[in-house]
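Only one structure is covered here, and it is reproduced in the block below.
The values are calculated or read from the model by the stated rules, or taken from the named source; none is laboratory data. Please read these numbers as outputs of a predicted model, since none were measured by experiment. When we count neighbours, we look across all protein chains shown, and the Cβ atoms used for this are built from the backbone with ideal geometry, even at glycine. Surface areas here come from the heavy atoms of the whole protein model, side chains and all, with no ligands, DNA or RNA. Shrake-Rupley method; radii C 1.70, N 1.55, O 1.52, S 1.80 Å.
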Amino acid sequence: MPNIKSAKKRVLVTEKKSQQNKMIKSALKTQIKKFLAAVSAGDKDTATALYPETVSAIDSAVTKGILHKNNAANKKAKLAKKLASIAA
């Protein structure tokens, strides 16, 4: 445990930010799972409705520094491909 006041603060701030990052990442994974479940069930309407929400969640994670932009682009491309496969 740190003795210096600023080091103590950094520990607290880091814990809080880690918790927030974990929350955002968890919510993102849940959103992606919902979309993939709709796709695997063959539910075109639900998947189409969930796609913009999922993409928005991915973009939000990039803005907050949770995901790298290339990783996000890769995820969005895969989701779009799955959506297109169900639409065809």
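A few comments on the model shown:
- For the set 45, 59, the ranking by accessible area, highest first and with no ligand, DNA or RNA atoms included, is 45, 59 under a 1.4 Å probe.
- Computed accessible area, residue 12, all protein chains, 1.4 angstrom probe, square angstrom: 120
- Accessible area in square angstrom per residue, the chain, 1.4 angstrom probe: 73
- Mean-position separation - Cα centroids, segment 13-56 and segment 60-88, in angstrom: 11
- Helix 44-63 and the long axis of the chain differ in direction by around 30°, with both axes built from C-alpha atoms.
- The Rg/Rh ratio for the chain, using Cα coordinates for both the radius of gyration and the Kirkwood hydrodynamic radius, is 1.20.
- Ranking of 60, 6, 40 by solvent-accessible surface, largest first: 40, 6, 60 (1.4 Å probe, protein heavy atoms only, all chains present).
- Against the chain, whose longest principal axis comes from its Cα atoms, helix 5-41 is set at around 10 degrees.
- In a simple Cβ point-charge model (Lys, Arg +1; Asp, Glu -1; nothing else charged), the chain has a dipole of about 600 debye relative to its Cα centre.
- Element breakdown for the chain at a 1.4 angstrom probe: carbon and sulfur atoms account for 57% of the accessible area.
- Between helix 69-87 and the chain: long-axis angle, C-alpha atoms, 0 to 90°, nearest 10: 20
- Helical mean residue ellipticity (222 nm; -39500 (n - 2.57) per DSSP H run of 4+; nearest 500) of the chain: -30500 deg cm²/dmol
- Stretchable slack from residue 34 to residue 22, in nm (0.36 nm times residue separation minus alpha-carbon distance): 2.5 nm
- Farthest positive-ward along the chain dipole, Cα basis, beta-carbon charges - from 14, 35, 4: 4
- Contact order relative to length of the chain, as percent, for alpha carbon pairs under 8 angstrom and 6 or more apart: 27
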